[in-house]
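What follows is a short report on a single structure.
The values are calculated or read from the model by the stated rules, or taken from the named source; none is laboratory data. Predicted, not measured: the structure shown is a model, and the values here were computed from it. Positions of Cβ are generated from backbone atoms using ideal geometry, with glycine treated the same way; all protein chains shown enter the neighbour counts. Each accessible area value is taken on the protein alone, full model and side chains, heavy atoms only, with ligands, DNA and RNA left out. Shrake-Rupley method; radii C 1.70, N 1.55, O 1.52, S 1.80 Å.
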Amino acid sequence: MNEKSSTFYVTTPIYYVNDKPHIGHAYTTIIADIFARYHRKIKGKENVFFLTGTDEHGSKVAESAKSHNLSPQKFTDNISEEYRKLWKNLDISYDEFFRTTDWRHEKIVQDYLQQLYDNGYIYKAKYKGLYCVGCEKFLSFDEIINDACIYHPNTALVEQEEENYFFKLKDFSLLVLDEIKKQSYKILPPEREKEILSKINGGINDISISRSGVSWGIPLPWDSSQTVYVWVDALLNYYSATKIYPNREKFWPPSLHLMAKDILWFHALVWESLLLANKIELPKIIFAHGFFTINGQKMSKSLGNIIDPNTLIEEYGSDATKYLLISSFSFGNDGDISLEKFKGKYNSDLANGIGNLVARVAKLCETSNFDNTNNTPVNNFSAEVVKWMNQYKPDEAIKSIWKLIADFDRDIGDDKPWKLESDKLKIKLHSYVGRILIIASDLEPFLPKTSDIISKIFNQKKIRKPDSIFPRK
Ligand code: MSP
């Protein structure tokens with residue numbers, strides 16, 4: 001298959017609808033959007049499938065609905081809609097929005113589990129353990145510090161004993177180990193793959209795939225007194241999506257599953273085991289990025305420091321919000337963000353950076369009445385952008401574009417075009433327009449609206465200086 005005809009299927013986690021979206025959810029979705037837009041430009045729109053959605057079953061969601069005095073269905077409808085609205089405001093170009101309460105998915109999950117059951121990979125047993133409703137899972141020893149979950153220190157752990165159905169994860173984990181070693185799928189960044197390998201080598205227990213006390217879920221097909229464990233239901237969304245939406249089957253297997261490190265375990269081992277058990281081809285790349293804090297603190301309701309992405313969009317616009325989030329820390333590592341830093345970055349990189357450059361070049365063209373009939377359209381990416389995107393480093397790709405911007409600004413200062421005589425100035429401006437169109441094209445996956453505005457300005461026959469594209473704050 002050549003690069004043009006091959007398909008690209010990128011996913012975000014499907015987010016829990018127990019609460020409104022925050023900038024953590026926006027972060028992963030922005031990155032997925034970048035990959036989707038990047039590949040659409042290379043492979044063509046019809047060869048890219050970008051999936052996001054909401055994870056709507058389970059006790060976490062049911063408890064939230066109850067505390068709002070709403071039925072789980074009404075509550076999930078409301079929050080799921082908040083997500084769709086946010087993605088619209090943020091100009092996220094997803095192709096399908098998945099909801100686990102879609103009856104077509106429920107049917108696929110039941111058929112999938114029935115097949116596992118019929119093949120003898122599921123058995124009934126008693127289980128006792130400490131359950132974290134925040135994670136929606138029983139915790140292992142290394143996930144408990146000071147009697148609390150490492151990810152949800154404020155959520156009380158519940159000791160539960162249940163008779164559940166178990167999936168033979170232990171057996172499949174050995175097969176998964178082989179697949180990782182054979183590199184049939186990759187966990188990135190490499191240090192995360194090492195973590196997963198050592199965890200598997202440390203020994204795996206089978207996993208409970210049903211719950212008896214949770215009614216807000218998909219009933220098990222062979223025992224309707226139990227519902228499907230919310231994580232199994234959720235992981236299968238990536239598969240169901242290729243079955244329930246028209247013309248999506250060709251996208252299997254997924255090219256890139258994006259998430260943060262908190263849920264890597266489910267994606268790197270449980271998901272692959274479920275697929276191997278039903279003889280389904282594995283996804284290609286599982287990428288777990290880091291977790292960011294706000295002013296050094298974990299985002300949490302109790303600390304009251306949760307940032308609603310809509311506030312950022314209102315203040316800065318969707319492109320700037322994307323830029324500020326992706327360029328604040330390195331993709332793959334943990335990081336810290338702050339609203340104060342955002343303001344500084346907005347002014348230095350957007351208002352004074354790209355905004356100023358566009359104004360400067362457009363003004364030079366306007367004052368010298370430059371005839372722009374002969375510019376060459378640009379529809380590809382600079383080699384640096386390609387290099388970094390191939391290495392799954394969108395933050396480095398964007399940095400390389402800002403390097404082009406800085407170099408360009410410096411060259412204008414060195415060239416002093418305002419001192420050139422008319423013929424030389426024409427040649428210079430022609431090259432400037434070429435350079436800025438390259439920047440516009442490179443920016444397309446990252447700052448799509450800005451890219452479009454710049455292309456329009458510099459494709460006019462008579463270039464006019466526009467209103468400031470990123471006014472100073
Ligand atoms: N519903 C599950 C996922 C099922 S996927 C089959 C879930 N949902 S979640 O709403 O809790 O979303 C977790 C994801 O949100 C993280 O993996 C990450 O993508 C994103 N983030 C949430 N907070 C974040 C940060 N503070 N920093 C970076 N990413 C963050 O887990």
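Report, by residue number, each residue of the range 394-425 that is open to solvent by 80 Å² or more (accessible area, probe 1.4 Å), more than 30 Å from Asp33 (Cβ to Cβ) and either part of a helix (DSSP H, G or I) or outside the structural domain of Glu366 (by TED's automatic domain parsing) (or both).
Once the filter is applied, which keeps residues that are open to solvent by 80 Å² or more (accessible area, probe 1.4 Å), more than 30 Å from Asp33 (Cβ to Cβ) and either part of a helix (DSSP H, G or I) or outside the structural domain of Glu366 (by TED's automatic domain parsing) (or both), the range 394-425 yields Arg410, Asp414, Trp418, Lys419, Asp423, Lys424.
Take the conditions surrounded by fewer than 19 Cβ atoms within 10 Å (Cβ to Cβ) and within 13 Å of the ligand (Cβ to nearest atom) and apply them to Asp233. Does it pass?
No, not satisfied.
Within the group Asn310, Asn333, which residue is at pLDDT 90 or above and under 21 Å from Lys85 (Cβ atoms)?
On the way: Asn333 fails: under 21 Å from Lys85 (Cβ atoms).
Just one listed residue meets the conditions, Asn310.
What tally of residues in the range 282-300 results from selecting those that are within 10 Å of the ligand (Cβ to nearest atom) and either within 15 Å of Phe329 (Cα to Cα) or free of Cβ contacts under 8 Å to residues at least 40 places away in the same chain (or both)?
Going through the range 282-300 one residue at a time, the tally reaches 8.
Find the residue count for the range 426-450, including only residues that are in a helix (DSSP H, G or I) and open to solvent by less than 30 Å² (accessible area, probe 1.4 Å). Write out each step before concluding.
Narrowing the range 426-450 to residues in a helix (DSSP H, G or I): 426-443, 448-450.
Imposing the further condition that a residue be open to solvent by less than 30 Å² (accessible area, probe 1.4 Å) reduces the set to 429, 432-434, 436-437, 439-443, 448, 450.
Total satisfying the criteria: 13.
Could you tell me whether Ile244 is within 29 Å of the chain's Cα centre (by Cα) and away from the ligand (no atom under 16 Å from the Cβ)? Steps first, please.
Details: within 29 Å of the chain's Cα centre (by Cα): yes; away from the ligand (no atom under 16 Å from the Cβ): no.
Spelling it out, it is not the case that Ile244 is within 29 Å of the chain's Cα centre (by Cα) and away from the ligand (no atom under 16 Å from the Cβ).
When the range 187-223 is examined, which residues are found to be buried (at least 16 other Cβ atoms within 10 Å of the Cβ), among the basic types (Lys, Arg) and under 26 Å from the mean Cα position of the chain (by Cα)?
Correct list: Arg192, Lys199.
Among Leu264, Leu324, Leu303, which is outside the structural domain of Ala36 (by TED's automatic domain parsing), out of contact with any Ser or Thr (no Cβ under 7 Å at 6 or more places or on another chain) and open to solvent by less than 10 Å² (accessible area, probe 1.4 Å)?
Details: Leu264 fails: outside the structural domain of Ala36 (by TED's automatic domain parsing); Leu303 fails: open to solvent by less than 10 Å² (accessible area, probe 1.4 Å).
The match here is Leu324.
Within the range 397-424, how many residues turn out to be over 17 Å from Leu357 (Cα atoms) and either without any contact (Cβ under 8 Å) to a residue 12 or more places away in the chain or hydroxyl-bearing (Ser, Thr, Tyr) (or both)? Explain how you work it out, then say what you get.
Taking the range 397-424 and keeping what is over 17 Å from Leu357 (Cα atoms), we get 397, 419-424.
After this cut, where a residue has to be either without any contact (Cβ under 8 Å) to a residue 12 or more places away in the chain or hydroxyl-bearing (Ser, Thr, Tyr) (or both) as well, the list is 419-424.
Of the residues in the range 397-424, 6 are over 17 Å from Leu357 (Cα atoms) and either without any contact (Cβ under 8 Å) to a residue 12 or more places away in the chain or hydroxyl-bearing (Ser, Thr, Tyr) (or both).
Take the range 193-227 and flag every residue that is acidic (Asp, Glu) and in a helix (DSSP H, G or I).
Narrowing the range 193-227 to residues acidic (Asp, Glu): 193, 195, 206, 223.
Glu193, Glu195 - these are the residues of the range 193-227 that are acidic (Asp, Glu) and in a helix (DSSP H, G or I).
Just one of Ile42, Ile14 is among the aliphatic types (A, V, I, L, M), in contact with a strand residue (DSSP E or B) (Cβ under 9 Å, 6 or more places away or on another chain), in a strand (DSSP E or B) and open to solvent by 10 Å² or more (accessible area, probe 1.4 Å); which is it? If you could, list the steps in order and put the result at the bottom.
Working: Ile42 fails: in a strand (DSSP E or B).
Exactly one residue qualifies, and that residue is Ile14.
For the range 64-115, what are the residues that are among the small types (Gly, Ala, Ser) and either touching a residue at least 24 places away in the same chain (Cβ under 8 Å) or surrounded by 15 or more Cβ atoms within 10 Å (Cβ to Cβ) (or both)? Lay out the reasoning, then the answer.
Applying the first criterion (among the small types (Gly, Ala, Ser)) to the range 64-115 yields 64-65, 67, 71, 80, 93.
Within the range 64-115, Ser64, Ala65, Ser80, Ser93 qualify.
Could you please find all residues in the range 6-26 being β-branched (Val, Ile, Thr) and over 13 Å from the mean Cα position of the chain (by Cα)? Working first, answer last.
Of the range 6-26, the ones β-branched (Val, Ile, Thr) are 7, 10-12, 14, 17, 23.
Passing the criteria: Thr7, Val17.
With respect to Leu169, determine if the residue is surrounded by fewer than 16 Cβ atoms within 10 Å (Cβ to Cβ) and in contact with a helix residue (DSSP H, G or I) (Cβ under 8 Å, 6 or more places away or on another chain). Don't jump to the end; show me each part of the working.
Working: surrounded by fewer than 16 Cβ atoms within 10 Å (Cβ to Cβ): no; in contact with a helix residue (DSSP H, G or I) (Cβ under 8 Å, 6 or more places away or on another chain): yes.
So Leu169 does not fit the description; no.
Residues to consider are Ser330, Ser318; find the one that is in contact (Cβ under 8 Å) with a residue 60 or more places away in the chain, within 30 Å of Lys181 (Cα to Cα) and touching an Asp or Glu at 6+ places or on another chain (Cβ under 9 Å).
Numbers: Ser318 fails: within 30 Å of Lys181 (Cα to Cα).
On inspection, the qualifying residue turns out to be Ser330.
Is it the case that Arg472 is of a type outside the set (Asp, Glu), under 18 Å from Leu350 (Cα atoms), part of a loop (DSSP other than H, G, I, E, B) and open to solvent by 10 Å² or more (accessible area, probe 1.4 Å)?
Details: of a type outside the set (Asp, Glu): yes; under 18 Å from Leu350 (Cα atoms): yes; part of a loop (DSSP other than H, G, I, E, B): yes; open to solvent by 10 Å² or more (accessible area, probe 1.4 Å): yes.
The answer is yes for Arg472.
Is it the case that His22 is without any contact (Cβ under 8 Å) to a residue 60 or more places away in the chain and closer than 28 Å to Thr293 by Cβ?
Answer is no for this residue.
When you scan the range 451-469, how many residues do you find that are part of a helix (DSSP H, G or I) and β-branched (Val, Ile, Thr)?
Taking the range 451-469 and keeping what is part of a helix (DSSP H, G or I), we get 451-458.
Applying the additional criterion that residues be β-branched (Val, Ile, Thr) yields 453-454, 457.
Final tally of qualifying residues: 3.
Across the range 10-60, what is the number of residues that are among the polar types (S, T, N, Q) and near the ligand (Cβ under 9 Å from one of its atoms)?
6
Do we find that Leu429 is closer than 24 Å to Phe342 by Cα and of a type in the set (A, V, I, L, M) in this structure?
Details: closer than 24 Å to Phe342 by Cα: no; of a type in the set (A, V, I, L, M): yes.
No, not satisfied.
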